[in-house]
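One structure below.
Laboratory data are not the source of any read-out in this text; all were calculated from the coordinates shown. Keep in mind that this is a model prediction, so the values were computed, not measured. Cβ: placed from backbone, ideal geometry, glycine included. Neighbour counts: every protein chain shown.
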Amino acid sequence: RKAGTQSYPEQWFEKVIQNEFEDNDYVTELSVGKWFLDFAWKKKMLYIEIDGEQHNDPNRAKSDAKKDEFCKELGWKCLRLKWAYIVNNTQEAIRVAKDFIDNGKISEIQWVSKEELKTIYKTQLCTTRPFNFIKDLMEY
């Protein structure tokens with residue numbers, strides 16, 4: 001993906017930030033070293049990453065770990081949310097993200113089981129447009 005181009009999940013999450021978050025002092029696709037942060041609150045040194053299925057690839061996961069370590073060394077704190085988790089637990093994911101930005105801490109998260117994730121990914125693969133089965137969420 002090119003810098004400045006948001007994925008569908010990132011577009012959806014940006015609408016959540018605009019509608020649900022009190023702190024809207026963020027930027028998207030902030031360049032830090034050779035990486036880009038999905039959503040960054042520069043004054044607070046906090047960022048949120050919305051991870052799609054591609055982040056499960058071992059090489060991508062390794063790159064994500066390097067990115068997070070690099071940012072941590074610069075004083076940044078990160079919250080990574082799986083898109084599949086957001087889809088299954090929308091209100092909980094929003095609560096966790098808001099708590100992270102408001103308080104700088106990561107709340108306890110109730111994770112989706114592997115079986116639920118497999119069902120979600122199979123559904124995504126069967127649609128003509130990725131994430132079409134949750135189209136109503138885009139209108140959030």
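Quick look at the numbers
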{"quantity": "Local net charge near D23, Cβ-Cβ under 13 Å (Lys/Arg +1, Asp/Glu -1)", "calculated": "-1"}
{"quantity": "Q6/T90 FRET efficiency (R0 25 Å; Cβ-Cβ; nearest 0.05)", "calculated": "0.85"}
{"quantity": "Sequence-distant residues sharing a close amide H with L30 (under 5 Å, placed H)", "calculated": "L37, A40"}
{"quantity": "Sum of side-chain charges, I50 neighbourhood, beta-carbon under 11 Å (Lys, Arg +1; Asp, Glu -1)", "calculated": "-3"}
{"quantity": "Over 18 Å (Cα to Cα) - which of K42/K72; K67/K98; K15/K98; K43/K98; K42/K77 fall in this group", "calculated": "K67/K98"}
{"quantity": "5 angstrom amide H check on R80, placed H, neighbours 5+ away", "calculated": "E49"}
